[in-house]
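Q: One structure, pasted below without further comment.
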Amino acid sequence: MLYTFMEMTRAAMLPWRTAANVTRNSLRSPLNPMSDTLAGRTAAAAADVFESLTRYYGKPEWAIDATEVNGLPVGINIETVLRKPFGDLIHFTRDRSALAAARKVKASSIEDPKLLLVAPMSGHYATLLRGTVEAFLPTHEVYITDWADARMVPVLEGRFGLGDYVEYIREMITAMGPGVHVAAVCQPGPPVLAALSLMAEDKDPARPATMTFMGSPIDARKSPTVPNKLAEERPFEWFRDNLIHTVPSVYPGGLRRVYPGFLQLTGFINMNYERHVDAHYAYFNNLVKGDGDSTEKHRQFYDEYLSVMDLTEEFYLETIADVFQAHALPQGKFEVKGRLVDPSAITDIALLTVEGENDDISGIGQTQAAHTLCTGLPEALREDYIQPDVGHYGVFNGRRFREEIAPRMTAFMERHARAAKGKAS
């Protein structure tokens, strides 16, 4: 009933949003004498804030048309490499002619490494990693997992649990071919490590050259944060009985049981409620002052942040049970479709872990735990890095990511790709 109530509320707000839009546009019209007055700017700013807070935010566009190489633009075309009901593998294909011209080489000689960014399936769309993608485009063939909103997937497509997620990851890596580099951002750490463990145990020729885990809850018992404590303090039945709802029939996935994105967003906002209130108050003041740069930065961030997707019931509850309550992976009890996962089987996939000093989602040590589990890896194939002065978001986005973390990741991948080629030859 909660989901249906939310849809009814959203529909009821439509006339008010329309009125706010009309008010804002009329007060900002150069033909309106009120547009240059403090009262007019204040009323327009209030209407703008109201509209932005009550709007329905759909899936954002990638808005990546080009990258820059040696000061020259290189066009980007987004292609779907593998299409699945609950998520696609997409490739940010660069214009090879423009790339060759920028590097002053022949197009046929370009062999940039393939990088798979595994985006989190935790409420936000993969576009949250737009900045991550952009950082690697000049030097890599970048692929990303583009997870589907569960409310848009018909129930006839079946269920999608944590084990299915692991199988999707393995299938996507295989589709890219051997020797790729895999980087898991936040939530996908445990299932990605599980997928690579199974590939290593099977001696799968498509297993990647390197694996990077960034702010991931490999072992959520380490430095527990507010979300970790919430997951442990409440019984499994509380999550099942209070957070799972039925998608209304107005969506393609009508009648599917899901953890709604709006509930996840509410939890995120409540964690930093005062910060969000202050941000919107500053946004209002900047609108009144006419500070275009600041207001545009606010819009860009919140247009992404307020865009949320639903998770299937089984994926969410299995993640709560296995990752955050039973700690199945570090306890050696994680299973995928009845098969026990053994990270010690990994012997030749170089490992990099990246954590943020001020991460309030995945505390220090949770990602580093991958080193403890991968006992079969020699020391030469391991590297750990803690980025000073960044929180969770800063681990994969922002200035410090672009200037400090991404170059470190690139150097790590290059070093171990060369080592892998040397062994193969």
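Q: Among the residues of the range 363-389 satisfying the criterion of being more than 23 Å from the chain's Cα centre (by Cα) and of a type in the set (A, V, I, L, M), which is nearest to Gly215 (Cα to Cα)?
A: Residue satisfying both the conditions and the ranking: Leu373.
Q: Please work out which residue is surrounded by the fewest Cβ atoms within 10 Å (Cβ to Cβ), limiting yourself to the range 82-99 and to residues that are farther than 30 Å from Pro252 by Cα and out of contact with any strand residue (DSSP E or B) (no Cβ under 7 Å at 6 or more places or on another chain).
A: Ser97
Q: When you look at Arg299, is it among the basic types (Lys, Arg) and in contact with a helix residue (DSSP H, G or I) (Cβ under 8 Å, 6 or more places away or on another chain), yes or no?
A: Details: among the basic types (Lys, Arg): yes; in contact with a helix residue (DSSP H, G or I) (Cβ under 8 Å, 6 or more places away or on another chain): yes.
Criteria met by Arg299.
Q: OK, next. Against the definition (in a loop (DSSP other than H, G, I, E, B) and surrounded by fewer than 24 Cβ atoms within 10 Å (Cβ to Cβ)), how does Lys229 come out, yes or no?
A: Against the criterion (in a loop (DSSP other than H, G, I, E, B) and surrounded by fewer than 24 Cβ atoms within 10 Å (Cβ to Cβ)), Lys229 does not qualify.
Q: Now, a different point. Please list, ordered by first then second residue, the pairs with beta carbon atoms under 9 Å, 6 or more apart or interchain, first in the range 200-214 and of a type in the set (Asp, Glu), second in a loop (DSSP other than H, G, I, E, B) and surrounded by 22 or more Cβ atoms within 10 Å (Cβ to Cβ).
A: Glu201/Val341; Glu201/Ile346
Q: Hey, another quick one. Can you tell me which residue is farthest from the chain's Cα centre (by Cα) among those in the range 132-170 that are farther than 26 Å from Val354 by Cα and of a type in the set (Gly, Ala, Ser)?
A: Step by step, filter the range 132-170, then rank; the result is Gly158.
Q: Only one of these conditions is not met by His91: (1) in a helix (DSSP H, G or I); (2) within 19 Å of Met413 (Cβ to Cβ). Which number is it?
A: The single condition His91 does not satisfy is (1).
Q: Take Arg221 and decide whether it is in contact (Cβ under 8 Å) with a residue 40 or more places away in the chain, over 22 Å from Pro191 (Cα atoms) and charged (D, E, K, R).
A: No.
Q: State which residue is nearest to Thr42 (Cα to Cα) when the search covers only the range 286-309 and only residues that are surrounded by 14 or more Cβ atoms within 10 Å (Cβ to Cβ) and either of a type in the set (Lys, Arg) or in contact with an Asp or Glu (Cβ under 8 Å, 6 or more places away or on another chain) (or both).
A: Leu287
Q: When the residues of the range 195-212 are narrowed to those that are out of contact with any Leu (no Cβ under 9 Å at 6 or more places or on another chain) and outside any helix (DSSP H, G or I), which ends up surrounded by the most Cβ atoms within 10 Å (Cβ to Cβ)?
A: Ala209
Q: Quick one: count up the residues across the range 171-188 that are over 18 Å from the mean Cα position of the chain (by Cα) and either in a helix (DSSP H, G or I) or not small (Gly, Ala, Ser) (or both).
A: Number satisfying all stated conditions: 6.
Q: Could I ask something else about it? Does Arg402 fit the bill of being within 16 Å of Thr139 (Cα to Cα), under 20 Å from the mean Cα position of the chain (by Cα), of a type outside the set (S, T, N, Q) and surrounded by fewer than 16 Cβ atoms within 10 Å (Cβ to Cβ)?
A: Values: within 16 Å of Thr139 (Cα to Cα): yes; under 20 Å from the mean Cα position of the chain (by Cα): yes; of a type outside the set (S, T, N, Q): yes; surrounded by fewer than 16 Cβ atoms within 10 Å (Cβ to Cβ): yes.
Here the answer is yes, as Arg402 does meet what is asked.
Q: Also, I was wondering about something else. Can you find, within the range 330-362, the residue that is nearest to Met271 (Cα to Cα) among those that are within 18 Å of the chain's Cα centre (by Cα) and of a type in the set (A, V, I, L, M, F, W, C)?
A: Ranking the qualifying residues of the range 330-362, first place goes to Ile361.
Q: Which members of the range 9-32 meet the condition of being assigned to a helix (DSSP H, G or I) and loosely packed, with under 11 Cβ neighbours inside 10 Å?
A: Those that are assigned to a helix (DSSP H, G or I) and loosely packed, with under 11 Cβ neighbours inside 10 Å: Thr9, Ala12, Pro15.
Q: OK, next. Is it true that Val192 is under 23 Å from Arg415 (Cβ atoms), of a type outside the set (Phe, Trp, Tyr), in a strand (DSSP E or B) and touching a residue at least 60 places away in the same chain (Cβ under 8 Å)?
A: no
Rule-based calculations on the coordinates, nothing more; no lab input. Keep in mind it's a predicted model, so treat the numbers as computed, not measured. Heads up, the Cβs are rebuilt from the backbone with ideal geometry, glycines too, and the neighbour counts pull from every protein chain shown.
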